[in-house]
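Rule-based calculations on the coordinates, nothing more; no lab input. Since the model is a prediction, treat every value here as computed from it, not as a measurement. Cβ placement follows ideal geometry from the backbone for every residue including glycine, while neighbour counts extend to all protein chains displayed.
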Amino acid sequence: MTKKALLIIDVQNGMFQEGNVVFNGDRLLKKVNDLLKEARLTKTPVFYIQHNAPAGKPLESGTDGWEIHSVIAPENEDIIIQKATPDSFFNTSLDEELKKKGIEHIYITGIQTELCVDTTCRRAFSMGYKVTLVEDTHSTWDSNELTAQQIIDHHNSTLNWFADVYPSNEIKFN
């Protein structure tokens, strides 16, 4: 049986700032938390990816905004990977940690759809991982050209070249 892991990308306090909350933020937290419960029930490893932004940014390292959101807080057995670019593999220990656990299939959730989620999904595929993008557990903000929902829908459609795309209620880790 293929060994699986759940990746939670950049679900940090800075993404939920008053007046600038990520699209459908409360729904995102609930759905990611539901996936976490399923992962923990099935003893599926959980990897948190934590973005380290420079001073003055919402995810500035060491600040409250940088902390992983308390609704989906890591537990002792979870692995936290630090990153500084949209690619969760670039200059991080993610690949090494996945290999240590024999992981071949990763389930991707998190923020920001068109940046870190997209880049990590494509990179994981290129590195030979089986990838599932959980279609209702990633989010972003409106851009000047598109609504957040349009960005999410577009990426769910486009990334199916690199990943299986399923809603969270169809995800079973066992």
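One table, with the values for the structure above:
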read-out	value
Tensor-based shape of the stretch 46-138 (alpha-carbon gyration tensor, a/c under 1.5 rounded, otherwise prolate or oblate)	prolate
P(r), alpha carbons of the stretch 42-93 - 5 Å bins starting at zero, rounded %	4, 20, 25, 25, 18, 6, 2, 1
Mean residue ellipticity (222 nm) of the chain, computed from DSSP H runs ≥ 4 via -39,500 (n - 2.57), nearest 500	-7500 deg cm²/dmol
Net charge, THR158 excluded, C-beta distance under 14 Å - Lys, Arg +1, Asp, Glu -1	-4
Cα gyration tensor category, rounded, prolate or oblate, for the stretch 1-84 with a/c compared to 1.5	oblate
Equivalent-ellipsoid semi-axes of the chain, from the Cα gyration tensor, Å, largest first	22, 19, 16
Stretchable slack from ASN160 to THR147, in nm (0.36 nm times residue separation minus alpha-carbon distance)	2.6 nm
Within the stretch 39-66, backbone nitrogen closer than 18 Å to the virtual label 7 Å beyond the Cα of ASN20 toward Cβ	51-66
Too-long pairs where the Cα-Cα distance tops 18 Å, listed order kept, from LYS4/LYS130; LYS30/LYS99; LYS3/LYS31	LYS30/LYS99; LYS3/LYS31
